[in-house]
1. Across region 229-266, what is the number of residues that are surrounded by fewer than 20 Cβ atoms within 10 Å (Cβ to Cβ), in a helix (DSSP H, G or I) and small (Gly, Ala, Ser)?
2. Do we find a residue being in contact with a Pro (Cβ under 9 Å, 6 or more places away or on another chain) and assigned to a helix (DSSP H, G or I) anywhere in region 117-137?
3. Just to be sure, is residue 288 at pLDDT below 90 and farther than 23 Å from residue 36 by Cβ?
4. Exactly one of these conditions fails for residue 48: (1) more than 23 Å from residue 279 (Cα to Cα); (2) assigned to a helix (DSSP H, G or I); (3) out of contact with any Gly (no Cβ under 9 Å at 6 or more places or on another chain); (4) not β-branched (Val, Ile, Thr). Give me its number.
5. How many residues does region 181-218 contain that are closer than 24 Å to residue 261 by Cβ and either charged (D, E, K, R) or in a helix (DSSP H, G or I) (or both)?
6. So, of the residues in region 77-129 that are in contact with a Ser or Thr (Cβ under 6 Å, 6 or more places away or on another chain) and hydrophobic (A, V, I, L, M, F, W, C), which turns out to be nearest to residue 266 (Cα to Cα)?
7. With respect to residue 324, is the statement that it is touching a residue at least 24 places away in the same chain (Cβ under 8 Å) and over 30 Å from residue 4 (Cα atoms) true?
8. In the list 226, 181, 207, which residue meets the criterion of being in contact (Cβ under 8 Å) with a residue 40 or more places away in the chain, surrounded by 15 or more Cβ atoms within 10 Å (Cβ to Cβ), farther than 26 Å from residue 109 by Cβ and touching a Ser or Thr at 6+ places or on another chain (Cβ under 6 Å)?
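The values are calculated or read from the model by the stated rules, or taken from the named source; none is laboratory data. Every value quoted in this text rests on a predicted model; they were computed, and no experiment measured them. Counting neighbours? That spans all protein chains shown, and the Cβs are built from the backbone with ideal geometry, glycine included.
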Amino acid sequence: MIRVEPRTPSRALAAAVPVLSAAAALALAAIPLALAGADLAEAYALMAKGVFGSRFALSETLTRATPLILTGLAAALAFRARLWNIGGEGQLYLGALAAAAVGSGAVSGPSWLLIPLVLAAGAAAGAAGMAGPAWLKIRFGADEVVTTLLMNFVVILFVQMMLEGPMQDPMGMGWPQSAPVLDEATLPRLAERTRLHAGLPIALALVVAAHVALSRTVWGLKIRAVGENAAAARHAGIPVGRTLMSAALVSGALAGLAGAGEVAGLKGYLTADLSPGYGYAGIVAAMLAGLSPLGVAASAAYIAAVFVGADSMSRALGVSNYLADLVVALSLLSVLVGGFFARNRIVLVRAGKAGEGA
């Protein structure tokens, strides 16, 4: 008979799980590559070249990593409080919508005023998008997985309606897109002839801020306490409802900031296909990082590298770039399986006696 016994993993084992999971996902991706008739050595070499082969390739990886860092942080902070925010995609679009509305001429002024205003509008819109599901959970016990997931579809439909109606660019020849963001509201480029913008250092600064907040502040202690055991936290005098709401607002604000950064820093206007799924990929980044804010930066860079490398390889070999989505999905499955075995040991029980743990 097989019995599963819980155990506390060592720090080394906990740190190794995401690394091994990422490696396992890349190894498993060899199966569909081989079935597609690709030369595996050449395919992986092209992926690496697509990520590190030039200054532009590296800048594209960092550009893709920027929104993933923010949506990963959004998921990690909420999950630490056991608030399962699956609505990062919708909150990202709300932030992008607010940024486009404010930055395209609703307010005029110098860059030092407009850029913070656009980012603040995006963060506020994302926070508002998470406030409703959090209130429903706190007040009525509604399942936030369902409410945040459904909100994604509602928000995207709302964005499409706005882009085909009140916010449609009158100079866009009928295309469903917003008016362009003013130059004064555009995030500056970090390097010439690249798309890398100031959203990256902002995201990295928020990584450090989130780490400090979770590990060194009273608010972070409350978040962790509620996440570990809400009943015990309530018994200790921690206001569970207010703590959950604060985590929800910060989580939504981070996702909204990701959308604002894509509009004000990368594209310059809002379209319905602004995000290729950054809100969902951010959940994978958070899980790969073990919900660690510092780890989110590394896992976001890994996922961005997979996307950029797979795009480069697909163009060279004629292999579908959906391989990147497969690797990201395999990474999540691998970290879930690896986490299970890190937290549990398998014991063989024979004739009433426990055998050696597997």
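1. 5
2. no
3. It is true that residue 288 is at pLDDT below 90 and farther than 23 Å from residue 36 by Cβ.
4. (3)
5. 23
6. 100
7. no
8. Details: 181 fails: farther than 26 Å from residue 109 by Cβ; 207 fails: touching a Ser or Thr at 6+ places or on another chain (Cβ under 6 Å).
After applying the criteria, what remains is 226.
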